[in-house]
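Below is one structure; the comments refer to it alone.
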Amino acid sequence: MLIRYLGKRIFFMLISLFLIVTATFFIMKAVPGGPFTSEKNVPEEIKAALEAKYKLDLPLHEQYFEYLKGVITWDLGPSFTEKSSTVNEMISRGFPVSAHLGAQALLLAIFGGIILGVIAALKHNKWQDYSAMVIAVLGLSVPGFILASFYQYFFAIQWGLLPIAKWEGFEYTILPSLALSASPMAFIARLTRSNMIEVLGQDYIKTAKAKGLHTFTITVKHAIRNALLPVITYLGPLIANILTGAFVIERIFGVPGLGREFVLSITNRDYTVIMGTTVFYSIILVVMILIVDIAYTLIDPRIKLADAGRE
Amino acid sequence: MQHLTKEHFEPISVDLRQAEEIKRPSLSFWADVWRRLKMNKVAMASLIFIVALIVCAVVIPMVSSNDYFTTDLAGKNKKPSAEHWFGTDDLGRDMFVRIWYGARISLEVGLAAAFIDLIIGVIWGGIAGFYGGKVDEIMMRIADILFAIPYLLVVILLMVVLSPGVGTIIIALTITGWIGMARIVRGQILQLKSQEFVLAARSLGADSGRLIFKHLIPNALGPIIVTLSLTVPTAIFAESFLSFIGLGVAAPVASWGTMSSEGLPAMKYYPWRLMFPAVFISVTILAFNLFGDGLRDAVDPRLRK
């Protein structure tokens, strides 16, 4: 059962990835004008040599097969604007930084969100609940890039507590991580709160209370475990959220990560980099969502495999 | 103490017809929703804010003596004053008017994207849910595969290729945006289609199209409208995000995202250039979110926790 389920999921994952690669390729090819039209007065021979280097002299379908082959062998080609480096190099340069920032934000979002949500549920309809939910609604409504600039303005410019930008040590990671984790943290807090309230109303919690267990034991040992299951399903979209959120956060804080590289490649219209990073991001996301779904079915035996990941 | 006489124990006349009479006006579903919504102060305040925002976005650019494109290099980066309520930007353009033009763009994008999502989602989800079986399997698979592609990546890719503009943003946002709505509609239709009123309509000769759009969809309107109201802030957010990374509307038109993006480098010396658009984006998304939450509670009070 598990094998069949896995096979099916991986099959659909591959279809999704194939579609993404194909769509990215043809969308990029649909852009009017070649990448070298902006370069003035290039002699014909140089132009031909350039086109040969980037395989632009081949017919479209051959370019497409070349590209597919490149993706499968993980060779994403050279960059158009940074003539010296390849897309692979850019990814291996930028991704560790992005992964570091992302992991920090992820941990912050998960723990912060769960703590806020549990406190709100335990103090249901008291001031702690209301303030936690005000924080959550604000976190969901204020876009990350605005939060980031406000952090910069107050923590770095006005109060001078933390460095404003760059990536040179732990204190440089604090503000970007905070800004990046705000909206997922808010979402997790709301999810945890409503699940906790539901779980706390169930009979087995009453039984535990009647047995005379301490509130702390009940919360930690009995309630949180069940309340957290739906939070796990959210982890897939959460990772997506953090990856795409990093595009702007890295730009604002001058973090040399893949997200900033991606935004730069958009501004420079560096098509191979745009294609390569999009494919890379998609692979990470689709694989992450698959892992989360599998983990979910393993953790909660009540979920039937066939229904996992859908409602 | 009052003296009780025999008359006090006379039975009062009972008019059965009167007992059956309906004293209060019967509430339709939407009247009931409105009654519950009115009790929710936060949601009502958000609604008032949204209406005010729409009115201002329409009226202020029409009546204002300033416009959004006239540059005045002598009066650039001015602080908020009586003449320029929100100050001026680095080309001396009046921020107050630009904010309201930005509001037009944000609202246009938000409302149009939500509306298109609604149409595609309702048709797609309605057909998939109603026919079930193979049709459902294939249609929802397509939706699943599209859904697996990260939303913002698709939007960014499309924006790179298409020429910038409000229409392009709306197309890019709706190309995968309708899937959430389709899923909601499908779930509702699956629940509703085995109920008796559908059988009754069918036995009276209603065809499938009529069943879906005249009988099933109207009964699923509650969750549809809630989803719709929560799509608007998502679209507004996505638009400002795109404008912020430089993929938004083209100059001299400015959306709130572009204005924040332009204000960011000048934050240290001219904080109002960032502050006004930032506050407007945040408060608008907040109001739409709070209104959507309130609407959800009003449509289905069981969901309130």
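The values are calculated or read from the model by the stated rules, or taken from the named source; none is laboratory data. Bear in mind the structure is a predicted one, so any value in this text is a computation, not a measurement. Virtual Cβ from ideal backbone geometry, glycine too; neighbours counted across all protein chains shown. Surface areas here come from the heavy atoms of the whole protein model, side chains and all, with no ligands, DNA or RNA. Shrake-Rupley method; radii C 1.70, N 1.55, O 1.52, S 1.80 Å.
With respect to being of a type outside the set (S, T, Y) and within 11 Å of chain A (Cβ to nearest Cβ), B:I184 fits the description.
Within the group B:I127, B:I171, B:I105, which residue is within 14 Å of chain A (Cβ to nearest Cβ) and either open to solvent by 20 Å² or more (accessible area, probe 1.4 Å) or within 30 Å of B:P252 (Cβ to Cβ) (or both)?
Matching residue, one of B:I127, B:I171, B:I105: B:I171.
For the stretch B:248-261, the set of residues classified as over 17 Å from B:V97 (Cα atoms) and open to solvent by less than 10 Å² (accessible area, probe 1.4 Å) consists of B:G248 only. Of the helices (runs of 4 or more DSSP H) contained entirely in the stretch B:1-71, those carrying at least 3 residues that are farther than 30 Å from B:G294 by Cβ fall at B:16-20.
In the stretch A:252-282, of all residues being among the hydroxyl-bearing types (S, T, Y) and within 18 Å of A:G77 (Cα to Cα), the one that is farthest from the other protein chains (Cβ to nearest Cβ) corresponds to A:T272.
Return the only residue of B:L53, B:L27, B:L16 being over 30 Å from B:V226 (Cβ atoms) and either modelled with pLDDT under 80 or surrounded by 10 or more Cβ atoms within 10 Å (Cβ to Cβ) (or both). The match here is B:L16. Check whether at least one residue in the stretch B:147-168 is open to solvent by less than 30 Å² (accessible area, probe 1.4 Å), within 20 Å of the chain's Cα centre (by Cα) and more than 11 Å from chain A (Cβ to nearest Cβ), and report yes or no. Yes, the conditions are met somewhere in the stretch B:147-168. Selection of the stretch A:241-251 for residues being within 10 Å of chain B (Cβ to nearest Cβ) and open to solvent by less than 20 Å² (accessible area, probe 1.4 Å) yields A:T244, A:G245, A:F247, A:V248. For the stretch A:57-69, filtering for residues that are in a helix (DSSP H, G or I) and closer than 21 Å to A:V31 by Cα leaves 9. If you go through the stretch B:223-265 and keep only what is more than 11 Å from chain A (Cβ to nearest Cβ), in a helix (DSSP H, G or I) and more than 18 Å from B:I116 (Cβ to Cβ), you end up with B:P223, B:T258, B:M259, B:E262.
Going by the structure shown, is B:F96 modelled with pLDDT under 85, open to solvent by less than 50 Å² (accessible area, probe 1.4 Å) and part of a loop (DSSP other than H, G, I, E, B)? In short, no. Criterion applied to A:T192, A:T272, A:T207 was being modelled with pLDDT under 85 and either hydroxyl-bearing (S, T, Y) or over 25 Å from the mean Cα position of the chain (by Cα) (or both), and the one residue passing it is A:T272.
Would you say A:S84 is among the polar types (S, T, N, Q) and either without any contact (Cβ under 8 Å) to a residue 60 or more places away in the chain or closer than 30 Å to A:T22 by Cα (or both)? Break it down stepwise before answering.
Working: among the polar types (S, T, N, Q): yes; either without any contact (Cβ under 8 Å) to a residue 60 or more places away in the chain or closer than 30 Å to A:T22 by Cα (or both): yes.
So A:S84 passes the test.
The set of residues from the stretch A:12-33 being free of Cβ contacts under 8 Å to residues at least 40 places away in the same chain and within 11 Å of chain B (Cβ to nearest Cβ) comprises A:F12, A:L14, A:I15, A:F18, A:L19, A:A23, A:F26, A:I27, A:K29, A:A30, A:P32.
Report yes if B:T176 is more than 30 Å from A:F154 (Cβ to Cβ), open to solvent by 10 Å² or more (accessible area, probe 1.4 Å) and modelled with pLDDT under 85, otherwise no. Answer is yes for this residue. Going through (1) facing chain A (nearest Cβ under 9 Å); (2) surrounded by 19 or more Cβ atoms within 10 Å (Cβ to Cβ); (3) under 15 Å from B:A238 (Cα atoms) one by one, B:L274 falls short only on (3). B:E239 meets each of the listed conditions (1) open to solvent by 50 Å² or more (accessible area, probe 1.4 Å); (2) at pLDDT 85 or above apart from (1).
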